[in-house]
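These notes concern the structure reproduced below.
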Amino acid sequence: MLGALALISFAVTFAALRLLLAQFARIALDQPNERSLHERPVPRTGGIALLAGAAASLAFGATALWLPLALAAALAVLSFADDLRGLPTALRLASHLAAAGIIVWYLMSPMQPLALVILALAVAWITNLYNFMDGSDGLAGGMALIGFGAYAAAAALAGHAPLAALSVALAAASGAFLLLNFPPARIFLGDAGAVPLGFLAASLGLVGWRDDLWPLWFPLVVFAPFIGDATLTLLRRLARGERVWHAHREHYYQRLVRLGAGHRGAALTGYGLMLACAAAALYARDAAAPVQAGAIGAALLVLAAAAVWIDVRWSRHERRTAN
């Protein structure tokens, strides 16, 4: 059944992508600017096709997860309006916080109010960081394929049919999107795709934790390359007193592109890190506590080493360009 769902989700997404490129290519174009990594206008409507493919999971047993899907769809509508016309930052953040609060209350109540608030803030943060990381060809699509693929594997092994179905559909739809997003990208996710994907990554992670499929650290390690890059970059910019809500090119993946790896090199590096983290998380998911701690530590060590390597290379690059 999951194989048939994967094929249907892939086909629906790919067909929708071709339709968008053929008939609506000039809607919501991402225009390059001094902060961009691309040099020509690219449609940012790919998220619409991806979510259409993911919706196929409703016919394969994912109806129990209707609320995460409904909230993701609502965020997609609002985000698409932002792609088209631009919306106030306060309105966008308020919608993310509202969706996060609703899903955390629905999934985790009863729970201590402080714990609910912390979880809601974490969901809102992951919702946003997926959008922050959608700036290089192939990166976000590949990360979604690997991340939701890891969720699907864990859910299937645990016998959780609704979560396995939705995760498989998201992974397959991401694979179809990646065919047209891998460098050189012909279409981007746009906010309408990146924001709902971030929300679903966080929400489905909580579903798995609530239903005892995995510990709370599991989704954090699976998506650690995204979480680590966005969080460290934010903290670094806050420490310098910069306006963190403004667009920039200071993420680790952006620096990797600018150091000469290009979009393809950055994407492949991200895939390698994501696969390593996902494999460690799957291996230690239901293992003894020392094994879990070792897997978490190994994943963090690999990511820290990658961050230090990029920082050192970037410092040398800045010294050379200054001279």
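General observations
Residue-wise test of (1) closer than 19 Å to GLY61 by Cβ; (2) buried (at least 24 other Cβ atoms within 10 Å of the Cβ); (3) small (Gly, Ala, Ser).
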{"position": "SER167", "(1), (2), (3)": "yes, yes, yes"}
{"position": "LEU170", "(1), (2), (3)": "yes, yes, no"}
{"position": "GLY175", "(1), (2), (3)": "no, no, yes"}
{"position": "PRO184", "(1), (2), (3)": "no, no, no"}
{"position": "LEU189", "(1), (2), (3)": "no, yes, no"}
{"position": "LEU197", "(1), (2), (3)": "no, yes, no"}
{"position": "TRP209", "(1), (2), (3)": "no, no, no"}
{"position": "LEU213", "(1), (2), (3)": "yes, no, no"}
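- Where a residue in the stretch 157-174 is in contact (Cβ under 8 Å) with a residue 12 or more places away in the chain and farther than 13 Å from GLY147 by Cα and its partner, wherever it lies, is in a helix (DSSP H, G or I) and aromatic (Phe, Trp, Tyr), with Cβ under 8 Å and at least six apart: LEU163/TYR151; ALA165/PHE60
- Taking each residue of the stretch 304-318 that is touching a residue at least 40 places away in the same chain (Cβ under 8 Å) and looking for partners that are of a type in the set (Phe, Trp, Tyr) and in a helix (DSSP H, G or I) with beta-carbon atoms closer than 7 Å, six or more apart or interchain, yields ALA307/TYR252; ILE310/TYR252.
- Pick from the stretch 264-291, criterion part of a loop (DSSP other than H, G, I, E, B) and loosely packed, with under 15 Cβ neighbours inside 10 Å, ranking: farthest from the chain's Cα centre (by Cα): ALA288
- Each residue in the stretch 96-123 was checked for being surrounded by 18 or more Cβ atoms within 10 Å (Cβ to Cβ) and in contact (Cβ under 8 Å) with a residue 40 or more places away in the chain, and 9 of them qualify.
- Close contacts from the stretch 263-281, counting a first residue that is under 25 Å from GLY205 (Cβ atoms) and a second that is of a type in the set (Ser, Thr, Tyr), with Cβ to Cβ under 7 Å and a gap of 6+ residues or different chains, come to ALA266/SER136; ALA266/TYR253; ALA267/SER136; GLY270/TYR253.
- Among (1) small (Gly, Ala, Ser); (2) modelled with pLDDT under 90; (3) farther than 24 Å from ASP229 by Cβ - the single one GLY159 does not satisfy: (2)
- In this entry, ALA154 is excluded by the filter for residues that are over 17 Å from the mean Cα position of the chain (by Cα) and either more than 27 Å from PRO225 (Cβ to Cβ) or open to solvent by 30 Å² or more (accessible area, probe 1.4 Å) (or both).
- In the set (1) over 29 Å from PHE60 (Cα atoms); (2) surrounded by fewer than 22 Cβ atoms within 10 Å (Cβ to Cβ); (3) not hydrophobic (A, V, I, L, M, F, W, C), SER136 fails one condition alone, (2).
- Which listed residue, of GLY241, GLY260, GLY294, is open to solvent by 40 Å² or more (accessible area, probe 1.4 Å), more than 19 Å from THR127 (Cβ to Cβ), of a type in the set (Gly, Ala, Ser) and assigned to a loop (DSSP other than H, G, I, E, B): GLY241
The values are calculated or read from the model by the stated rules, or taken from the named source; none is laboratory data. Since this is a predicted model, take the numbers as computed values, not measurements. Neighbour counts run over all protein chains shown; Cβ positions are idealised from the backbone, glycine included. Keep in mind that these areas ignore ligands, DNA and RNA; they rest on the heavy atoms of the full protein, side chains included. Shrake-Rupley method; radii C 1.70, N 1.55, O 1.52, S 1.80 Å.
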